[in-house]
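**Q** I'd like to ask you about the structure that follows.
The values are calculated or read from the model by the stated rules, or taken from the named source; none is laboratory data. Note that the structure is predicted; figures quoted are calculated from it, not measured. The accessibility values were calculated without ligands, DNA or RNA, using every heavy atom of the protein model including side chains. Shrake-Rupley method; radii C 1.70, N 1.55, O 1.52, S 1.80 Å.
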Amino acid sequence: MECERIVIRRGPRSGLPIIVAIHSTALGPALGGCRIKEYQRWEDGLADAQRLAAAMTAKCAVAGLDHGGGKTVVVAGPGPAPGPRPDRTAALHDVGDLVEEFGGAYSTGPDVGTGPADMDVIAERTRHVFRGDSSPATATGVMAALRVLGGDSYAVIGLGHVGADVAGRLLAAGHRVLVTDVDERKRELFPAAAWVSPDAILDAEVDVLVPAALGGLLTPATVRRLRCRAIAGPANNQLDDPATADLLHERGIVWAPDHVVSAGGVLYATETDLHGASPTAATARVEKIGETLQAILDRAAGEGTTPLRAAEALAAARFTRPR
Ligand SMILES: NC(=O)c1ccc[n+]([C@@H]2O[C@H](COP(=O)([O-])OP(=O)(O)OC[C@H]3O[C@@H](n4cnc5c(N)ncnc54)[C@H](O)[C@@H]3O)[C@@H](O)[C@H]2O)c1
């Protein structure tokens, strides 16, 4: 998880700790979103930035992108997160200035706690920022992964930007769909889908579980309860620990690694914003997530290993091959 470079700075405008962690530029300039989040201590934000930057390196490598991983974390607490204005603007301008200092070796984008409007503010200080909403492309990538796994019934956990999009597409395709969210108001989104409580959905007898909320869903305790045959969703860091991938394997549940499934947003953004691709060409690139996942599952089956290990091997190979 060692990072190539980490800059920690108290934002001159906001007074908040701003952290940029560059995990790797071995394959090319680093990419990774900007997270604004409360942490008990700034060191916790630093640990998060390092972990998330490393995950971005793996995501880019396995997606075939000539980019590495980075992350920005704005430590917004403890205490109230930066208010609507002007504190938030001050923090975002601090981020923009810091990103600019990397001179293009790192670009940021939306993440947990930030959205496209925040990126517009960061863009006032740097051009190395991805603007726009990445969730439709992420949902397209998830659908490509789900097609590889096949199935008629799905349980979608989390009806946010990506989860609601995926649930809508599954329903439109005529599948049986169970949905849940901690926010009960989301119930109204899909009257045609069966609503289940966030806890009970883990016991649902469905073909595929689609984690689309926050990370850490898959633990030894939850894996014991699952009655699906496969899992694929956009939520980052679904496993509480890499060893949980072995538990899923032992139970005969195919787990599509989250960093493979969730790469649609970053693939689309790099193709359109950095390489000038048309929306059609960029979408075709996102669809290739299906091929990548198929290759990973074939390799895992052939070697009698987990999809996680197969994905790690695929990513590792990119660092030893000439670009
Ligand atoms: N948006 C993207 O392009 C993108 C790209 C890659 C990965 N991801 C990951 O995908 C996941 C979803 O992203 P999003 O943009 O849709 O986020 P979002 O914040 O729009 O939606 C998350 C949803 O999950 C719900 N939720 C939170 N905790 C829950 C729980 N315990 N049980 C059920 N529902 C719960 C929230 O109420 C919300 O509706 C996140 O983990 C994110 O990091 C998103």
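**Q** Pull up all non-local amide H partners of Gly109: gap of 5 or more, or a different chain, and H-to-H distance under 5 Å with H placed in the peptide plane.
**A** Correct list: Gly32, Gly33, Cys34, Phe130.
**Q** Please report the spacing between the Cα centers of region 1-40 and region 243-309 in Å, no decimals.
**A** That distance is 25 Å.
**Q** At 1.4 Å probe size, with every protein chain present, just tell me what the per residue accessible area of the chain comes to in Å².
**A** Accessible area per residue: 43 Å².
**Q** Counting only protein heavy atoms, what percent of the accessible surface of the chain is carbon or sulfur at a 1.4 Å probe? Could the numbers behind the result be given before it?
**A** Values: 7350 of 13890 Å².
C and S atoms contribute 53 percent here.
**Q** Hey, another quick one. Starting from the Cα of Lys186, draw a straight line to each of the aspartates and glutamates and keep only those under 19 Å, dropping any in the same chain fewer than 8 residues away.
**A** Asp165, Asp199
**Q** With n ≥ 4 as the cut-off for DSSP H runs, can you work out [θ] at 222 nm for the chain, using -39500 (n - 2.57) per run divided by the number of residues, rounded to the nearest 500? Don't skip to the end; give the middle numbers.
**A** Working: 12 runs with 131 residues, N = 323.
Calculated from helices alone, the mean residue ellipticity at 222 nm is -12000 deg cm²/dmol.
**Q** Of the DSSP beta bridges with both residues in the chain, give the percent that are antiparallel, rounding to the nearest 5.
**A** Values: 11 of 37 bridges.
Around 30 percent antiparallel, to the nearest 5.
**Q** Using only protein heavy atoms and a 1.4 Å probe, report how much of Val99 is accessible, in Å² to the nearest 10.
**A** 0
**Q** Please report the equivalent ellipsoid semi-axes of the chain, computed as sqrt(5 x eigenvalue) of the Cα gyration tensor, largest first, in whole Å. Walk me through the numbers before you get to the answer.
**A** Details: eigenvalues 194, 105, 71 Å².
Three semi-axes, in Å: 31, 23, 19.
**Q** On to the next question. Which lysines have a Cα less than 28 Å from the Cα of Lys59, not counting those fewer than 8 places away in the same chain?
**A** Qualifying lysines at Cα under 28 Å: Lys37, Lys71, Lys288.
**Q** Under 1.5 on a/c is rounded, so check that first for region 88-149, then, if it is not, pick prolate when a/b is larger than b/c and oblate when it is not; a ≥ b ≥ c are the square roots of the alpha carbon gyration tensor eigenvalues. Walk me through the intermediate numbers first.
**A** Details: a/c = 3.52, a/b = 2.21, b/c = 1.59.
Note, shape of region 88-149 comes out prolate.
**Q** Heavy-atom accessible area of Arg131 with all protein chains present, probe 1.4 Å, nearest 10 Å²?
**A** The value for Arg131 is about 130 Å².
**Q** Using only the alpha-carbon atoms of region 154-250 as identical scatterers, what base-10 log of I(q)/I(0) does the Debye formula give at q = 0.16 Å⁻¹?
**A** Reported log10 I(q)/I(0), two decimals: -0.60.
**Q** Through the Karplus equation 6.51 cos²θ - 1.76 cosθ + 1.60, θ set to phi - 60°, convert the phi angles of region 220-228 into ³J(HN,Hα) values in whole Hz; use x for Gly and Pro.
**A** Each residue's phi maps through the Karplus curve to give x, 5, 6, 4, 4, 7, 4, 10, 8 Hz.
**Q** Dividing the alpha-carbon radius of gyration of region 27-185 by 2.2 N^0.38 Å (N being the number of residues), what value is obtained?
**A** Values: Rg = 17.5 Å, N = 159, 2.2 N^0.38 = 15.1 Å.
Normalised Rg, Cα atoms only: 1.16.
**Q** Now for a separate question. Classify region 176-323 as rounded, prolate or oblate, taking a ≥ b ≥ c as the square roots of the eigenvalues of its Cα gyration tensor: rounded when a/c is under 1.5, otherwise prolate if a/b is larger than b/c and oblate if not. Please list the in-between numbers first.
**A** Details: a/c = 2.26, a/b = 1.24, b/c = 1.82.
Oblate is the answer for region 176-323, as a/c is 1.5 or above yet b/c matches or exceeds a/b.
**Q** I would also like to ask the following. Search the structure for amide H atoms under 5 Å from the amide H of Ile157, placed 1.01 Å from N in the peptide plane, and list their residues when 5 or more places away or on another chain.
**A** Result for Ile157 returns Val210, Ala212.
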